[in-house]
Structures are given as structure tokens and as C-alpha cells.
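See below for the structure under consideration.
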Amino acid sequence: MNTRATPKFEYISTRQALTDLLDKIRPSARIALDTEADSFHHYYPKVCLIQGTAENVNFIIDPLAGINLTDFFNIILPKKLIIHDAGYDLRMLKADFDFQPEGEIFDTMLAGRMLGLEKVGLSALLGDFLGLQIHKQNQRADWSKRPLSQELLAYAIVDTHYLPALADLLAARLETLGRSQWHRQTCLGSVRSALQSKNDNQTEENWRIRGVSRLNPKQMAFVRELWRWREKEAQKEDVPPFRVMYSNQLLALSCWLAAQKNPAQKKLNKLPRSCRGPRLAALKKAVEKAAALPEEQWPQRKKPDFSKQPSCLQQSQIEILRRSAAQIAASLNLPPQWIAPKALLGSIVLRKLDTPEKLIRSNLMTPWQAELLAPILSEVFSEKSPRTAPDSESAPGTSPP
């Protein structure tokens, strides 16, 4: 798995073991944290492991062992947490335990991006900064199974054991480039987004999967019913929807059915092997329901909201912002979307967020992003558009990594 011996760790599955662990980690100022969930195997994902490293203690907590973890979360609540790609872990911990950290989060993935690195996966960073070779072949393991093999547990603890050392090296590089504050602000925004996210799994429009916008109303009628069938089957079996039928298969089948004169009478070929028995019978009922739907009840393509379409002047302002962001990003060796995300440029112009203060209050940008755009905002929104984007060489943090 790696070029060094597997780190020692404590496996916590009893109340007494947890109590002993809490005494050890209570004095620690910071803790590296990670989780393993079973979203690849179940419709209702849950946290199956919580890995951590505090000072010289590595631990793996088993949340499925039936022990109360309230005291653990209370202890780590105010501490500085080191997490790689914190958004997913925090969403899962909030959903399962209502855990909302109060201390600082140091996201090592965001640190790598802030340094302009192309590869920011944990394996890549550990290789580049610590010379470790970590293989991630067990990423899709079913972590809900018990007992877990020693191989899987050893794989899991590596995700936190080296994080403190990695975080120190990344923090030093950020400090050298003058980007430490940028990283803190970006982590705060990421944490806020993760904790504010809601589970919209059951919204009515979720059947509009990728690719459906290209279909006609009749085809979309079949997609909608087949998607509902797939959701019910996935919920019933507690498996991810793709294990019932892949989305590309669902789209292809819907288009084929819409082209048939009597789709409910057709033999359904090229179905997943799991589509048999009761599941196949339920699929046929979904097909019958879609085929019987009158045309006026077919779903329609979403119409664009022309009231929110930019005018010619606004399109010009958006383009100036885009070019300016690209120039600033190039000088910082960062992707343009890290200066001004492309999807937000229109919002900046349409909402006339013409000062850094307005940008920050809108929560569309972090303070450091807004400050970098400050020199161009007044020009973009002035009556006379600027002829060129500003020179960004004098912006803070411009030294190449």
C-alpha cells in the first residue's frame, strides 16, 4: 500500500475504548480527520468509519458499533481540524451526527489548489511532498460490512496519519506565497457551503438527469416514469440508483420506447441483468403509465428566463471580467475560475455588484477574490467601458509557486 510500515492505530468499538481515547486526544490542539461512507453501495449513505490522528495517536472509530459519540464530537468541536476535501466529510458528519465544527478547518486539497498544483488528490500530494506511494484501490469498498479486514483498516488510517505533516508543508508554502489568508477564507467558504447544503433527493425535478434537456416532451415522459421506477427500486433494495440502471441506459431506453407505436406491448431487450421478476414487472408498469399519458401532460423543456438574460452592454461587461480574471489568474499560476468562477460572472453583472463589499456580502466570492477584482470593477460598471484589462502583476500573492 505504501513505501513505509502501516501506522499503528486504535480501533474504537466500545464505550470504554472511546473513553480512553478521549483522554488521549483532549489536550491536542489539532486533529486530522477523515470518514468512510457507503454511498457506492447503499441508497441511504451513512458514515461507517471515522479516522483520526491527534499528536501521536491514530484511531479509527466504528460508528456502527452502537456507541454514543456525543462526547467525541464535543471534544473536537472547537479544535483545528485537518481534512482532505472537507466538504464531503462535513456534509456526512452533519447529516448523521449534526456535527458542525466551530474551530478552523485546514483543507489540504484546497491548499494544493491554492498553490496552483495540477494534481491535488491525497495520493498525489503525499507523493509530491512526503515521497509516499499510496494506492487507492479500496476507495469503493463496502465500509458498512463487518468485520472489516486489517487491509481495509490499514488503508483507512493512512488517510489521516500523514495529514498533519502534509498540512505543515502546505502551510509553509502558502505562507511563502502570501496566500495563507486566501486559503483560510476559501476553507471558510467551503465549510459554510457544506453545512448549508440540503438533501434535495426527493425534489420533483430531479428526474431531469444529465442529457434529458436534448429530448422531446414524449421522450421526457418516459424518462420521468422510468426515473421514478428506478428511485423506488433503489430505495426498496437500499442500493444506489445506478445499480438498478445506469442513466445512459435509462435515456436510451426512453428514446427507444418513445419511437414505438405500442411501447407497452414491446419486449424490453438489453436490460440490466438485475431487471427481472418483480423489478421487471414494475418497469413494465412504468412503461405503460408513460405510454398512456396524454400529450398535454408530457413534461416540457425548461424555457430560459429571458428577463435574466444579459443585454449587449452587460455581455460586454461579462467578457471584460472574464478576460481580467484570466489575466490575474495567469499571473498567479491559478485556474481562472479560482479568481472569478465563470458561472458567477453573469450574476456579478446582472446584480451590479460593483464594489468588493457588495461581492463579499453576496457570498458569491471570498474577500481575497473580491479584492483582486476590485481594480476592474469600477471600470467595468462605469459608463465608458475599459479598453483593456488591468495589469495584475502588482496583486498580492503573485510569486509563482
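The values are calculated or read from the model by the stated rules, or taken from the named source; none is laboratory data. Predicted model only: the values in this text are computed from it and were never measured. Positions of Cβ are backbone-derived with ideal geometry, glycine not excepted, and every protein chain shown enters the neighbour counts. Note: areas computed on protein heavy atoms with side chains; ligands, DNA, RNA excluded. Shrake-Rupley method; radii C 1.70, N 1.55, O 1.52, S 1.80 Å.
Things to note:
- Verdict on Ser13 being over 18 Å from the mean Cα position of the chain (by Cα), surrounded by 13 or more Cβ atoms within 10 Å (Cβ to Cβ) and under 17 Å from Arg146 (Cα atoms): yes
- Single residue of segment 22-58 satisfying the filter (more than 25 Å from Gly87 (Cβ to Cβ) and touching a residue at least 40 places away in the same chain (Cβ under 8 Å)) that is least open to solvent (accessible area, probe 1.4 Å): Leu22
- Segment 348-363 residues that are farther than 12 Å from Ile318 by Cα and assigned to a helix (DSSP H, G or I), paired with ones that are at pLDDT 90 or above and open to solvent by 70 Å² or more (accessible area, probe 1.4 Å) (beta carbon under 6 Å, 6 or more apart): Pro356/Glu371
- Candidate set: segment 210-230, residues that are free of Cβ contacts under 8 Å to residues at least 24 places away in the same chain and not aromatic (Phe, Trp, Tyr); chosen: the one nearest to Leu280 (Cα to Cα): Arg230
- Single match in Lys236, Lys266 (criterion: more than 33 Å from the chain's Cα centre (by Cα) and farther than 30 Å from Ile360 by Cβ): Lys266
- Scanning segment 273-305 for residues that are part of a loop (DSSP other than H, G, I, E, B), surrounded by 10 or more Cβ atoms within 10 Å (Cβ to Cβ) and not polar (S, T, N, Q) yields a count of 7.
- Number of the condition not met by Lys308 [criteria: (1) surrounded by 14 or more Cβ atoms within 10 Å (Cβ to Cβ); (2) more than 23 Å from the chain's Cα centre (by Cα)]: (1)
- Flag for Leu169 being under 15 Å from Glu36 (Cβ atoms) and in contact with a Leu (Cβ under 9 Å, 6 or more places away or on another chain): no
- Single residue of Asn201, Asn206 found to be touching a helix residue (DSSP H, G or I) at 6+ places or on another chain (Cβ under 9 Å), assigned to a loop (DSSP other than H, G, I, E, B), on the phi < 0 side of the Ramachandran plot and at pLDDT below 95: Asn201
- Only one of Lys236, Lys270, Lys261 that is open to solvent by 60 Å² or more (accessible area, probe 1.4 Å) and assigned to a helix (DSSP H, G or I): Lys236
- Residues (within 26 Å of Asp38 (Cα to Cα) and exposed (fewer than 14 other Cβ atoms within 10 Å of the Cβ)) located in segment 243-258: Tyr246, Asn248
- When residues of segment 118-145 are limited to those that are open to solvent by less than 90 Å² (accessible area, probe 1.4 Å) and among the charged types (D, E, K, R), the one farthest from Pro45 (Cα to Cα): Lys136
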